[in-house]
Structures are given as C-alpha cells and as structure tokens.
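Trainee: Structure below; questions to follow.
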Amino acid sequence: MRRGENLRSEDYMLIDPFINGVAEFHDRHRDMRLDVDNMSYEELLALEERMGNVSTGLSEETIMKSMQQRKYFSIAEESPSSLEPCCICREEYVTGDDIGTLDCGHDFHTNCIKQWLTQKNLCPICKMTGLGT
C-alpha cells in the first residue's frame, strides 16, 4: 500500500484489527489451561500425580565431590555467643564436627547440608546456587 491510495475495508482490517472491536479473539489454547485456584483438593492431587515430581537436588556423589569440607576446631578466645549455629539443625558447632562449605561461602554441618542439597541446590541462607557442578 502506498500513501494516497484508497484503502479498502480489508486493508484497513490488516492495519489495525482492534479498531471498533472488530478483532476476533480466539484462544486456541483455552482447553489446555488449568484453573488451579478453583480446583478441589482431590483434583489437585490427581494433577500432581499426572505431573510427577521435578527434583532440583543433587546426588550424594555430586555433593561430596563438589563441596569443600573441613573439620571444625574451636578457638579458645572465641566466645560461643559470637558463633552462629548451623542454620539447618540450629545446633552449635563442636570441635571435631565435619563442616561443609558451599560456593557462596556459607558453612553448615556436612550431614545437614548434604541432606538439604539432595532436595534443592540452593544455599538456605542466601538462596544462591549451592554447588556449581
């Protein structure tokens, strides 16, 4: 179409199909959409069964290969109140405990963080990726 030419109604519809509400709204994916807000508990359970489980965790082998580990040793000058406990089990670190360090630098009991990372590869403190594999 060139400027100054007479436009036919079909041409006009190609340019702006939404003028005067002429556009036909056809949602071809309507039958695929789910209204989970209005589903019953039983329907949600059935949906969960159909979808399956998506795990974002790591294997134990990958965790042990990638995670930095060390033994915890208490320094006599340090006061126990200045040390943060393991945020997963909420227990204080004791001399001889196995400590696992994530890529972000946060420390945890090795067994605590190992169990956490098998479920989700995120740091429980800062939410950064726990271990880059």
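Coordinate-derived values only; no laboratory data. All values reported here derive from a predicted model rather than from experimental measurement. Cβ: placed from backbone, ideal geometry, glycine included. Neighbour counts: every protein chain shown.
Trainee: Restricting the search to the range 94-113, which residues are out of contact with any Phe, Trp or Tyr (no Cβ under 9 Å at 6 or more places or on another chain), crowded, with 17+ Cβ neighbours inside 10 Å and not aliphatic (A, V, I, L, M)?
Mentor: H106, T110, C112
Trainee: Report whether or not G96 is of a type outside the set (V, I, T), over 20 Å from V54 (Cβ atoms) and in a loop (DSSP other than H, G, I, E, B).
Mentor: yes
Trainee: I've got another one for you. Could you please find all residues in the range 103-127 being out of contact with any helix residue (DSSP H, G or I) (no Cβ under 9 Å at 6 or more places or on another chain) and part of a strand (DSSP E or B)?
Mentor: H109, K120
Trainee: Which ones in the range 47-58 are exposed (fewer than 12 other Cβ atoms within 10 Å of the Cβ) and over 18 Å from K127 (Cα atoms)?
Mentor: E48, E49, R50, M51, G52, N53, V54
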